[in-house]
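Notes follow the structure.
The values are calculated or read from the model by the stated rules, or taken from the named source; none is laboratory data. Note that this is a predicted model, so its numbers are computed, not measured. FYI the Cβ positions are ideal-geometry reconstructions off the backbone, even for glycines, and counts take in every protein chain you see. For the accessible areas, the whole protein counts, side chains as well, though only heavy atoms, and no ligand, DNA or RNA atoms are used. Shrake-Rupley method; radii C 1.70, N 1.55, O 1.52, S 1.80 Å.
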Amino acid sequence: MKHVDEYRDGELARGIARRITAEAQPERDYRFMEFCGGHTHAISRYGVEDLLPENIRMIHGPGCPVCVLPMGRIDDAIKLAARPEVTLCTYADLMRVPASGGTSLMKAKADGADIRMVYSTLDAIAIAEKEPDREVVFFAIGFETTTPPTALAIRLAQKKRLRNFSIFCNHVITPAAMQAILETNEGVAIEGFVGPAHVSTVIGMSPYRRFATDYHKPVVIAGFEPLDVIQAVLMLVRQINEGRSDIENQYRRAVTETGNGRAIDEMAEIFELRESFEWRGLGEIPRSALRLREKYAQFDAEQRFGVVTSPARDNPACECGAILRGAKRPQDCKLFGTACTPETPMGSCMVSSEGSCAAHWAYGRFRQLERRKAS
Amino acid sequence: MKHVDEYRDGELARGIARRITAEAQPERDYRFMEFCGGHTHAISRYGVEDLLPENIRMIHGPGCPVCVLPMGRIDDAIKLAARPEVTLCTYADLMRVPASGGTSLMKAKADGADIRMVYSTLDAIAIAEKEPDREVVFFAIGFETTTPPTALAIRLAQKKRLRNFSIFCNHVITPAAMQAILETNEGVAIEGFVGPAHVSTVIGMSPYRRFATDYHKPVVIAGFEPLDVIQAVLMLVRQINEGRSDIENQYRRAVTETGNGRAIDEMAEIFELRESFEWRGLGEIPRSALRLREKYAQFDAEQRFGVVTSPARDNPACECGAILRGAKRPQDCKLFGTACTPETPMGSCMVSSEGSCAAHWAYGRFRQLERRKAS
Amino acid sequence: MCLAIPARVVELLPDEMARVSLDGVSKIISTALVDDLAIGDYVVLHVGYALTKIDEVEALATLELLREAAALGAAS
Amino acid sequence: MCLAIPARVVELLPDEMARVSLDGVSKIISTALVDDLAIGDYVVLHVGYALTKIDEVEALATLELLREAAALGAAS
Amino acid sequence: MNKHEPMGRKLDLRNGRVDLSHGSGGRAMARLIADVFHAAFDNDWLRAGNDQAAFDIAAGRMVMTTDGYVVSPLFFPGGDIGKLSVHGTINDIAMAGARPLHMSASFIIEEGFPLADLCRIAQSMGEASRAAGVPIITGDTKVVERGKADGVFVSTACVGVAPAGLELSGDKARPGDTILLSGSIGDHGVAVMSKRENLSFETEVLSDTAALHELVAVMVEAAGPAIRLMRDPTRGGLAATLNEIAHQSKVGAHVEESAIPVAPQVAAACELLGLDPLFVANEGKLVAVVAAEAADSLLAVMRAHPLGRGSARIGEIVADEHGFVQMTTRFGGGRIVDWLSGEQLPRIC
Amino acid sequence: MNKHEPMGRKLDLRNGRVDLSHGSGGRAMARLIADVFHAAFDNDWLRAGNDQAAFDIAAGRMVMTTDGYVVSPLFFPGGDIGKLSVHGTINDIAMAGARPLHMSASFIIEEGFPLADLCRIAQSMGEASRAAGVPIITGDTKVVERGKADGVFVSTACVGVAPAGLELSGDKARPGDTILLSGSIGDHGVAVMSKRENLSFETEVLSDTAALHELVAVMVEAAGPAIRLMRDPTRGGLAATLNEIAHQSKVGAHVEESAIPVAPQVAAACELLGLDPLFVANEGKLVAVVAAEAADSLLAVMRAHPLGRGSARIGEIVADEHGFVQMTTRFGGGRIVDWLSGEQLPRIC
Ligand code: SF4
Ligand code: SF4
Ligand SMILES: [Mg+2]
Ligand SMILES: [Mg+2]
Ligand SMILES: [Mg+2]
Ligand SMILES: [Mg+2]
Ligand SMILES: [Mg+2]
Ligand SMILES: [Mg+2]
Ligand SMILES: [Mg+2]
Ligand SMILES: [Mg+2]
Ligand SMILES: [Mg+2]
Ligand SMILES: [Mg+2]
């Protein structure tokens, strides 16, 4: 696969890793957060950490939209799906996320709710067209990458005059979350970010400027292939060593300074900022999420069905929150691997393949054991 | 079973049969029509003909509501069922009746129409209550026996304010059909009737008077057990021998002179006579069927869905018509047992267990063979 | 279609319903078409509705007639 | 959630749709978010939509940087 | 962390439901199989966890059969789909005069099916299989989306061994042979129908579901090759079985209605629904066609067995080029007993 | 009139549909079975029309298995549910090192299912069974109402005989053993998924569905008891199979990603859908765990067989109290290969 295989070359990776080892100052530690779950997944799946020197520590960030969605919103979606007239369409990623009372969309489906897994918003539109008697609600979640496809679906529904299509909007804003992390002083200090890949194809580089200027943190936007990540780490090490804090772009093949203007315009047309929105682990973050503009109210499932989100408490023993803030690691959670496994997740981080706990479960456990043996 | 087993006693039957043989004049034939399919069924199932002397010939009448329903009305029901919003409820008897183009309710169901078999109109009402989004249409057919339960269902739907229940009315009138048979001069002359059992529990004896007065035909109302039939035959033989043509009542335990007044009132409240209605085999018969009164129009599927019955042609080789008039017997049909079997019926008489062809297929074929061998 | 069967009323229920029994098989039916039902009565049951009561006296009379005719037949 | 993959445009279709191919696997996607697509272009494909075009020149430059860094690493 | 222990967290067998993950081939499926099926069937073959099971056999004649079970409702008076799926398949082996050895079970489960019901069914199967001495040694589980099945479907297969020299087959009936029936007919079908929502009536009739191989064993021992064939009158009832025999053997049959046992409540329920008990399904009865001279002694042997107490001689095989099954009615007349057609029976097996 | 001829009028196999009468136990059912299944499977056991079938066997070790098939769609590139139901069950017999002898087939059909599709499936089964030399000797047919199934479900069972002294089992893997794989992975699952309405993509990937018993026969001949166990990586893919082995044998495994063959189109489709080929189903591949010293020669034997041309040594069994399956990635890092969990795969078998 062109533009893929080139960035999975282990030979090159080992070369760059040696370069990192050579350039990293042995007397100090480097702590970088990869914001995106996509990076977390790549690091785990390809065993990138095995190549990096011991003094470079990757901190998994909250960049997994499934993980940061508060439980109350999953409860809302289940309530919507339970309405007899509603067909809830969702990306498969959300099916197993724990909701209140031990339920989930998967279990609600088994209980009889009409829940369909879709690959694209286009599939949800097709269902609404084909089944005019059903109220088709699309469970919209995701960062700026996933928001434009939702915006276009609403445009399409409008064009097709669909009266039975709406979205339950949970789209959130990446830079707002990065800022929230920097303003939390708990846990490990982060010295730099591996910046979002596909989010940045949409929003470009400029929204990250303030992290360099206001917080003096270097950001290197990087692709989701393992070589992209390793190269970004090298670039971060160099910025730290040189005392710089710039916004750099490793993912030049897909990300430009200004992003995708058309996508930005589409989002701006349909959505507006919410005053505030709750993120799992990060709490309420002002101006961090989107809702439909008033003129698109007919497509807004929250208005259409009078959704009122009730506060919902995560399992108190689940450390997802601290993990999402970078303050703890999966292995610090008492439930990890015992009560909490991918089959019986207690928190969202064990569900999404981009979640830190799931990644550690699926790819990383033996590493911890080996270290334990070695020590 | 009390009131059942007593009337299935073969000993008694043989005694009465001997009495019939003794009383029947050997030099002449007696030709009686049992009007009802219920009688036809009893005669076949219990082998009553084996007991009767050769010169008493039972002619199967048109008293099977399934058999006399013209094909166009089955087509109508299939069209109703094919409407996506409609759930058609029907007595199971109708499922395999051939409709135009080789189809049937059974095949329409297999093709995806929402057709449910019910035991009672009460079941259809329950479905309408439970599934308010469906247009529940009850395929109402039957003689005066089956009409009061339909009338009561409409009363109940009204009381429950059901807006999604209607009936496709095909109820027909027994005496009108008996009269039509007497006015057809084709085929075998009928000398007397074994008169309807359960129809008469509702309408009583008086509607048959004109057959005695105007047509000079004896009628003996009889129950549906084999001894009832045999006794009625004896009573008919006696009337013939004595030159009488009276309306007699063998089924006194359930039939009174005036019938069931409450049931008659219920029917009169809901239904009115159609000017004319088509009967399979008998053609258009004036004032022979019922429709809903205007004040119950909301429960009338014909009005609600604009049913317009198209003329439909039975298979031209099918002799159902002549058989229903008593002019031919199943074994006179070229299709009997070859193209036409209960699995692949060509006419309605092969479908209903009260149909002459089905009865002959299921119970009578060997008798014909034995006669053939004997001759 | 006119299939009907005698069943004994074993319990009167609200809304003109009743429980009937047929040799130990019991079923709830509508009695809205029949007046003055009592427990122990036999009714003619058709598509879930009682059509009429069975008259025990007439039933015995009919059986008597049947037996007479049969006896005559046996004698003949 | 942000899973996306480079795919080559092999056919432009009406209504801002296109057929893309990924090593012989082909799929119809929406190109409504991307201007001026031509056959042969690579796009980043996400949940059925092209998010952006891939810049071949920048891709080559990135690979060059990677090779340089790796070569330096090998030398170190 | 998992050190070769049973996988994942225990299932909520009381309130949980089957979901799609239980059919995905992952840890959730392994757990379902272990907690529900291995627990209920309880044998080492299953616990070995292989996709097949092995057993030693002697040389001889082996018999194999399968049946699918789709009965609705799943639980009915006197049994459930689980018990039925063990008995019905054992019986098809037994009808060859063979001794059933081992069974397999394949489950197709609808998403949302209550785990408690699945356990009840599995336990019922386990009991039936232990009681019959025929272990369920291998199986398979699939889960389909809600609305793509009806709770649960079970397909079982069974192998057994036939005694040397005994080759029962549907084509072996000869004119003059006697037809024996092991007991009253219609119980199973009536028990199932009594619980159908749209028929609902109340009766004390229980399904006759039973494994007949032990009855068969004593019959084979007593009469051996004088038995031409045996068949269990399941779907389509006694009428279908007699017609199948007539069709396969190119003969006719003649039976006496008064000789065919029907329980009063079964007869009553049939009157109520307009059904003929001859067409109603049985799950613990057999029809045997046997040389006339062996009939009396075989009947005595059958009656001495608990599952054959109600056995009766119901008629005989006759020559008939048309293959008619004729019956002398209790009333004294004659009729044909045809295959079932028309009546819309609920799913009874 | 019917003089022992086939029953009733011919079915309209072109335009007809299955209706409830075809499952009622009457003449319509007999006709369906004769015209569709007997015609397609074409053997005397079935034509005998009994509820079971008999065959002679020698003394030895017998193996039995069953599987249910619920794949959607029913027809997919390279195969259909019929072929799958023959191959998949034969393969479970073959994985014991055994020779498959006879099969049974149980059909659960949804009212309204086109007869033409049923014939196509039956004929495909007949071809597969003849090609494999494993006749389908007994069967069963049920029809359920529309909306109570998904077209057709098939459950097959198979019996076979294992060579004396060979007892393959999932618990026999030992540290140091070599893991062999008979070819590329993921083809079947990708072929099926490519036809799912909500995923629809186009590829030339065909299902690898195949009966592996002949490949197994040459392997057993060549390596005999040096083979510890074999397993076909179906649902849950290679990942599930390796984890099952680790779990049953209480060992760990280590595999090399670069040694595991994946066709480029399969890899591409997986990238597109965010799947890992390790979790995608196969229907014509096997994993063999074999004593290290026999691995080279066995690999050569496998590669010489048409169904094993793509065979590869993919890793080895290691001691591991946690039962981890570890993998060195093509990239050079290490990871765990866990059971599938989470991804919502369509029904693939
Ligand atoms: S292991 Fe489970 S419970 Fe613990 S933090 Fe992760 S998701 Fe939460
Ligand atoms: S046998 Fe068939 S075709 Fe002939 S009259 Fe009877 S129903 Fe009609
Ligand atoms: Mg809903
Ligand atoms: Mg409809
Ligand atoms: Mg069988
Ligand atoms: Mg059976
Ligand atoms: Mg059987
Ligand atoms: Mg299996
Ligand atoms: Mg198996
Ligand atoms: Mg298999
Ligand atoms: Mg297998
Ligand atoms: Mg069977």
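Hey, for a label at A:Thr184 modelled as a point 7 Å past Cα toward Cβ, could you say which residues of segment A:273-297 have their backbone N under 11 Å away?
Counting backbone N atoms under 11 Å from the label point, the list is A:279-284.
For an R0 of 30 angstrom, estimate the FRET efficiency from the Cβ-Cβ distance between B:Arg57 and F:Lys10 and round to the nearest 0.05. Spell out each step's value before the answer.
Working: r = 37 Å, r/R0 = 1.23.
Step by step, r from the Cβ atoms, then E = 0.20.
Once the label point is placed 7 Å from Cα along Cβ, list for A:Arg31 the distances to the corresponding points in the other copies, in nm, shortest first.
Sorted ascending, the copy-to-copy spacings read 11.0 nm.
In segment B:117-149, whose amide N lies under 20 Å from the spot 7 Å out along Cα-to-Cβ of B:Ala268? List them in ranges.
Under cut-off, by backbone N: B:143-149.
If I build a Gaussian network model for chain E, linking alpha-carbon pairs within less than 10 angstrom, which residue out of E:Val280, E:Val216, E:Val318 has the largest mean-square fluctuation?
Of E:Val280, E:Val216, E:Val318, the Gaussian network model singles out E:Val318 as fluctuating most.
Take every DSSP beta bridge whose two residues both sit in chain E, then give the antiparallel share in percent to the nearest 5.
Details: 41 of 53 bridges.
Approximately 75 percent, going by the DSSP bridge assignments.
Nearest 0.05, what FRET efficiency do E:Arg174 and C:Leu37 give at R0 = 60 Å with Cβ-Cβ as r?
On the way: r = 57 Å, r/R0 = 0.94.
Given R0 = 60 Å and the Cβ-Cβ separation, E is 0.60.
In segment A:28-58, which trypsin sites (Lys or Arg not before Pro) fall in coil by DSSP and have 16 or fewer other Cβ atoms within 10 Å?
Working: sites: A:Arg28, A:Arg31, A:Arg45, A:Arg57; in loops: A:Arg28.
Counting only loop positions with at most 16 other Cβ atoms within 10 Å, the trypsin sites (Lys or Arg not before Pro) in segment A:28-58 are A:Arg28.
Take the rotation relating chain A to chain B, measure from its axis to every Cβ in chain A, and name the nearest residue with the distance in whole Å.
Nearest to the symmetry axis by Cβ: A:Asp133, 4.
In percent, how large is the relative contact order of chain A, given Cα pairs closer than 8 Å and 6 or more residues apart? Let's see the in-between values first.
Working: 697 pairs, mean separation 81.1, N = 375.
This gives 22 percent for chain A.
List, largest first, the extents of the alpha carbons of segment F:178-336 along their principal axes, each in whole Å.
Ordered largest first, segment F:178-336 gives principal extents of 46, 35, 26 Å.
Which chymotrypsin sites (Phe, Trp or Tyr not before Pro) in segment A:260-338 sit in a loop by DSSP (not H, G, I, E or B) and have at most 15 other Cβ atoms within 10 Å of their own Cβ?
Details: sites: A:Phe271, A:Phe277, A:Trp279, A:Tyr296, A:Phe299, A:Phe305, A:Phe336; in loops: A:Phe305.
Here no loop site has a sparse enough neighbourhood.
If you put a point 7 Å past Cα along the Cβ direction, how far is that point for E:Ala58 from the same point in each other copy, in nm, smallest first?
1.8
Tell me the accessible surface of B:Cys36 in square angstrom (1.4 angstrom probe, heavy atoms of protein chains only), to the nearest ten.
Counting only protein heavy atoms, the figure is 0 Å².
Straight-line reach only, C-alpha to C-alpha below 24 angstrom: list the lysines that C:Lys53 could link to, leaving out same-chain residues fewer than 8 apart.
B:Lys2, C:Lys27
Just need the relative contact order of chain D here, percent rounded to a whole number, with Cα pairs under 8 Å and 6+ apart.
On the way: 113 pairs, mean separation 19.4, N = 76.
Value for chain D: 25 percent.
Given the -39500 (n - 2.57) contribution per DSSP H run of 4+ residues, what per-residue ellipticity at 222 nm results for chain B, rounded to the nearest 500 deg cm²/dmol? Before the final figure, lay out the partial values.
Numbers: 16 runs with 140 residues, N = 375.
Computed mean residue ellipticity for chain B: -10500 deg cm²/dmol.
Name the residue, out of A:Gly61, A:Gly337, A:Gly326, whose mean-square fluctuation peaks in a Gaussian network model built on chain A with Cα pairs under 10 Å.
Comparing A:Gly61, A:Gly337, A:Gly326 in a Gaussian network model of chain A, the most mobile one is A:Gly337.
From the label point of F:Asn43, set 7 Å along Cα to the beta carbon, how far off in nm is each other copy's matching point, shortest first?
Relative to the other copies, F:Asn43 has label-point distances of 2.3 nm.
Calculate the translational D of the protein assembly as shown in whole µm² s⁻¹ from Stokes-Einstein, where the hydrodynamic radius comes from the Kirkwood formula applied to all Cα pairs, the temperature is 37 °C and the viscosity 0.692 mPa s. Write down the numbers at each step before the final one.
Working: Rh = 36.5 Å.
After rounding, the answer is 90 µm²/s.
About the Cα centre of segment E:236-307, what is the dipole size in debye to 20, counting +1 per Lys and Arg Cβ and -1 per Asp and Glu Cβ, all else neutral? The partial results should precede the final answer.
Working: 3 positive and 8 negative charges, 33 e Å.
The calculation lands at about 160 debye.
Give me a single rounded figure for F:291-300: the average over its residues of other chain Cβ atoms within 10 Å of their Cβ. Mind showing how you got there, number by number?
Numbers: counts 0, 0, 0, 0, 0, 0, 0, 0, 0, 0.
Partner-chain Cβ atoms within 10 Å, mean over residues of F:291-300: 0.
Using the basic label-point model (7 angstrom from Cα toward the beta carbon), what is the A:Asn241 to F:Ala259 distance in nanometres?
3.7 nm
Which links in E:Lys195/F:Lys148; E:Lys148/E:Lys285; A:Lys109/F:Lys250 stretch past 25 Å when you go from one Cα to the other? Please list the in-between numbers first.
Numbers: E:Lys195/F:Lys148 18 Å; E:Lys148/E:Lys285 33 Å; A:Lys109/F:Lys250 36 Å.
The pairs that break the limit, which is 25 Å between Cα atoms, are E:Lys148/E:Lys285; A:Lys109/F:Lys250.
Which value in deg cm²/dmol, rounded to the nearest 500, describes the helix-derived mean residue ellipticity at 222 nm for chain E, given -39,500 (n - 2.57) per DSSP H run of n ≥ 4 and division by the residue count?
Value at 222 nm, helices only: -8000 deg cm²/dmol.
Counting partner chain Cβ atoms within 10 Å of every residue's Cβ in C:39-52, what's the average? Before the final figure, lay out the partial values.
Working: counts 0, 0, 0, 4, 1, 11, 2, 9, 13, 9, 10, 1, 12, 12.
Mean number of neighbouring Cβ atoms from other chains: 6.
On a 0 to 90° scale, report how tilted helix F:115-132 is relative to the longest principal axis of chain F, with both axes built from alpha carbons and the result rounded to the nearest 10.
Roughly 50 degrees between the two axes.
Compute a Gaussian network model of chain B, connecting alpha carbons closer than 10 Å, and tell me which residue from B:Val137, B:Val307, B:Val255 fluctuates the most.
Highest fluctuation of the listed residues: B:Val307.
Along the Cα-to-Cβ line of F:Glu197, 7 Å from the Cα, sits a label point; which residues in segment E:141-179 have backbone N less than 15 Å from it?
Answer for this model: E:145-148.
What spacing in nm lies between the two simple spin-label points modelled at B:Lys159 and A:Gln331, each 7 Å away from Cα in the Cβ direction?
Placing both labels 7 Å along Cα→Cβ, they lie 7.4 nm apart.
Per-residue mean of other chain beta-carbon atoms within 10 angstrom of the beta-carbon, peptide B:246-255? Numbers along the way, then the final one.
Details: counts 0, 0, 0, 2, 3, 4, 7, 15, 12, 4.
Mean shielding by partner chains, rounded to a whole number: 5.
I need the trypsin sites (Lys or Arg not before Pro) found in segment E:10-118, filtered to DSSP loop residues with at most 12 other beta carbons within 10 Å of theirs. Please list the in-between numbers first.
Values: sites: E:Lys10, E:Arg14, E:Arg17, E:Arg27, E:Arg31, E:Arg47, E:Arg61, E:Lys83; in loops: E:Lys10, E:Arg14.
For trypsin sites (Lys or Arg not before Pro) across segment E:10-118 that sit outside H, G, I, E and B with at most 12 neighbouring Cβ atoms in 10 Å, the list reads E:Lys10, E:Arg14.
How many nm is it between the label spots at D:Val57 and E:Ala291, if each spot is 7 Å from the Cα in line with the beta carbon?
10.0 nm
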